[in-house]
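Okay, structure first, notes after.
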Amino acid sequence: MIFTVSEALLKQGENVDQYLGEQGAGALEKGLDAAFIGNASHPAPVGILGTNGINTQSGSSLNLSGLLAAQRLVVAAGANDSAVRILTTASVRESLSQRETISTSGRMVWERGAAAGIPGVVSINCPASTAIVGDFGQIVICTFGPIEIAIDKSAGFATGQISFRLMQLVDVAVLTAGAFCKVSSIS
């Protein structure tokens, strides 16, 4: 992950070390999140979505029964029922928060931090119109070697910018592929 700061900030700013640490930690967190999910814009590691054998389901007009069907699939494949979670985008959460579980019930598919009773979270690295339902305890993240920090003072020479690159070699192993279900094309 790369982030850029001004040379003036490095020379004059107070608490620069803390700021750089926060920027670096945030950059690594975003990269690890992308590796974990397996977003197509990040080719390696394959993550959840690139793993062969995960369940898939159409999200066309996704509702309560569709989410319960995804939960059933992952539990049948060995997911711990009490550990099943849903990971999606902010726009999918918004849509499900406006969709009733049963017409005129007043209860929404996504409410109080859960979709169909499945605790849920949002990630900017989850592909658009997609949700991942699964037992995220079925994932192992391996790191190799130390975090590499490289500094480039030349690329931003004309503007006084310095770029920092942080790199951590990681791999993601999905222990039970069937413990996940990709719900795509959510509308």
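The values are calculated or read from the model by the stated rules, or taken from the named source; none is laboratory data. Small disclaimer: the values here were computed from a predicted structure and weren't measured. Don't worry about glycine lacking a Cβ; one is built from the backbone with ideal geometry, like all the others, and counts go over all protein chains shown.
Assorted remarks:
- Within the stretch 56-65, tally of residues that are surrounded by fewer than 19 Cβ atoms within 10 Å (Cβ to Cβ) and assigned to a loop (DSSP other than H, G, I, E, B): 3
- Subset of the stretch 1-42 that is over 30 Å from GLN138 (Cα atoms) and acidic (Asp, Glu) - its residue that is modelled with the highest pLDDT: GLU7
- Conditions (1) in a strand (DSSP E or B); (2) buried (at least 19 other Cβ atoms within 10 Å of the Cβ); (3) at pLDDT below 95; number of the one not met by THR143: (2)
- Set side by side, the residues ILE124, ILE151 differ, and just one is exposed (fewer than 14 other Cβ atoms within 10 Å of the Cβ), of a type in the set (Val, Ile, Thr) and not in a strand (DSSP E or B), which is ILE124.
- Test: ILE86 is within 13 Å of the chain's Cα centre (by Cα), within 30 Å of MET167 (Cα to Cα), in contact (Cβ under 8 Å) with a residue 40 or more places away in the chain and not in a strand (DSSP E or B): no
- Residue match in the stretch 47-55 (condition: part of a strand (DSSP E or B) and either at negative phi or surrounded by 14 or more Cβ atoms within 10 Å (Cβ to Cβ) (or both)): yes
- Enumeration of residues in the stretch 97-128 that are touching a residue at least 60 places away in the same chain (Cβ under 8 Å) and either more than 20 Å from the chain's Cα centre (by Cα) or closer than 24 Å to VAL75 by Cβ (or both): SER123, CYS126, PRO127
- Subset tally (residues that are out of contact with any strand residue (DSSP E or B) (no Cβ under 6 Å at 6 or more places or on another chain), over 30 Å from LEU96 (Cβ atoms) and of a type in the set (S, T, N, Q)) for the stretch 109-158: 1
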